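Single-structure report; data block below.
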Amino acid sequence: MSGPQIITLGCRLNIAESETMRALASHEDDLVIVNSCAVTNEAVRQTRQAIRRAKRARPDARILVTGCAAQTDPAMFAAMPEVDRVVGNREKFEAKSFSRNFSPFVPSEVEGHEASATQRVSTSFDTNDGGAEAKVRVSDIMAVRETAPHLVSGFADHARAFVEVQNGCDHRCTFCIIPYGRGNSRSVPAGAVIDKIKALVDAGYREVVLTGVDVTSYGPDLPGNPTLGLLIERILDNVPDLPRLRLSSLDSVEIDERMFALITQNTRVMPHLHLSLQAGDDMILKRMKRRHNRGEAIAIVERIKAARPDVTIGADIIAGFPTETEEMFENSLRLLEQCDIVYGHIFPFSPRTGTPAARMPQVDPATVRERAARLRNACETRKQHWLNALIGTQQNILVERDGLSGHAENFAAVRFANPQIAGKIVSAAIIGVEKDRLIAQEAL
């Protein structure tokens, strides 16, 4: 094996950051990096499970854990006997974090920063833990003001490239622990983003995905207060050889007129939007401390679909948020149809320690699971109808590295009936559906 093995959990931003770590640790052949997710308790459980599997598969390898779960609760991972070190979301962009000559530190003493109350709690250690603290390099993420200007030269497992344009979040949704794993919102200057994308296009990538924790909050911390829409305009103008630009999760309330025009009028912006909706009931949205209401979510989708009918909609929906009644849940269920959602990312609510929602009256866990299952089943039914409707159409598909799979512009997953050239965009007829994938046939 050349370079580290990387196990990535969670979001597209994690995928992009994993590739940066791959480059930084390129000579560490005996290293397994687990890039964790903290969005739910289930994500943390899966991270722990991945660590144990990795150690069983490679007992002689060093196991390094990083990412949001490592940032918010480094003590838990440091206490695992399989783990050799725990590295924070800031430190994972420092080559020395991956070196065999590992230098831990006390979080509250890093570069003169006093750790926040949240950070002091998350990085506390039992004095009888056998020296677990010596494994840890995690500083106060709230003290970070810059976004790492790292350039990624390639992506090992994808034909698409994921480019970080923003990190952190200034909002405090009552259910979310992520701001404490990522810090406050900070943006990458447009020039650095454009240079990065030019390098990726020169390396042969035909699609770039803009990623971040709260992508639509891009810009207020930069000179001139640019917006995400302005950044997209500059990318399209300055990288004319980029055929496909895709956006990651968007906050629907922050889709301004410039971004709306780009989404609906520019064919190089892919017709696929993933919206951070979270719920379809106004009272639940208020208790979540979201910034939109049900009517606003429906209205923006209707407006986008009227201007560009081929846009497909995905959304995050939480089932069983505290105080959710059956009537409130039904409002979320109906939102699937009213927002024409075909890609549903369904989360059963799980209380995250330290968040306001964890202190609210909880819904019975069995009811949470049942509601999540109903949402997933409804999403799957809608997706299958949509996929079946695409049979007989012609789709432009970016071929993945295996030469046998890819994604259409609308993000439908595709399997080819005959091998293709990896990284190429091909026009192919859709001849069938197999489970959740289209079957495409390109003329030889």
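The values are calculated or read from the model by the stated rules, or taken from the named source; none is laboratory data. The model shown is predicted, which means the values in this text are computed figures rather than measured ones. With ideal geometry, Cβ positions are generated from the backbone for all residues, glycine too; neighbour counts draw on all protein chains shown. The protein model used for the area step is the full one, side chains on, heavy atoms only, and it has no ligands, DNA or RNA in it. Shrake-Rupley method; radii C 1.70, N 1.55, O 1.52, S 1.80 Å.
Taken residue by residue, the range 307-314 has at least one member that is more than 13 Å from Ile263 (Cβ to Cβ), within 23 Å of the chain's Cα centre (by Cα) and at pLDDT 95 or above. Among the residues here, Ser350 does not qualify as of a type in the set (Ser, Thr, Tyr), outside any loop (DSSP other than H, G, I, E, B) and either at pLDDT below 95 or over 21 Å from the mean Cα position of the chain (by Cα) (or both). Restricting attention to the range 174-188, the residues being at pLDDT below 95 and either over 20 Å from the mean Cα position of the chain (by Cα) or in a loop (DSSP other than H, G, I, E, B) (or both) number 7. The set of residues in the range 189-216 being aliphatic (A, V, I, L, M), within 25 Å of Leu277 (Cα to Cα) and not in a helix (DSSP H, G or I) consists of Val208, Val209, Leu210, Val213. Screening the candidates Ala54, Ala70, Ala25 for the property of being in contact with a helix residue (DSSP H, G or I) (Cβ under 6 Å, 6 or more places away or on another chain) and more than 26 Å from Ile318 (Cα to Cα) yields one hit, Ala25.
The strands (runs of 3 or more DSSP E) located wholly in the range 357-444 that include 3 or more residues which are under 19 Å from His274 (Cα atoms) and in contact with a strand residue (DSSP E or B) (Cβ under 7 Å, 6 or more places away or on another chain) occupy 405-408. Sub-8 Å Cβ pairs linking a first residue in the range 423-434 that is within 15 Å of Ala159 (Cβ to Cβ) to a second residue that is basic (Lys, Arg) and open to solvent by 30 Å² or more (accessible area, probe 1.4 Å), at least 6 apart or interchain, are Gly423/Arg206; Gly423/Arg401; Lys424/Arg206; Ile425/Arg206, ordered by first then second residue.
Answer yes or no: is there a residue in the range 30-38 that is assigned to a helix (DSSP H, G or I), modelled with pLDDT of 90 or more and among the polar types (S, T, N, Q). No, the conditions are met nowhere in the range 30-38.
There is no residue in the range 374-388 that is surrounded by fewer than 16 Cβ atoms within 10 Å (Cβ to Cβ), out of contact with any Pro (no Cβ under 7 Å at 6 or more places or on another chain) and among the small types (Gly, Ala, Ser). Restricting the first member to the range 187-202 and to residues that are farther than 16 Å from Thr227 by Cβ, and the second to residues that are open to solvent by 50 Å² or more (accessible area, probe 1.4 Å) and in a loop (DSSP other than H, G, I, E, B), the beta-carbon pairs closer than 6 Å and six or more apart or on different chains are Ala192/Pro149; Lys196/Leu151; Val201/Asp241. Within the range 275-316, being out of contact with any strand residue (DSSP E or B) (no Cβ under 9 Å at 6 or more places or on another chain), farther than 23 Å from Gln362 by Cβ and either free of Cβ contacts under 8 Å to residues at least 24 places away in the same chain or outside any helix (DSSP H, G or I) (or both) holds for Arg291, Asn293, Gly295, Ala299, Glu302, Ala306, Arg308, Pro309, Asp310. In the range 223-261, the residue that is most open to solvent (accessible area, probe 1.4 Å) out of those that are within 27 Å of Glu296 (Cβ to Cβ) and in a loop (DSSP other than H, G, I, E, B) is Asn225.
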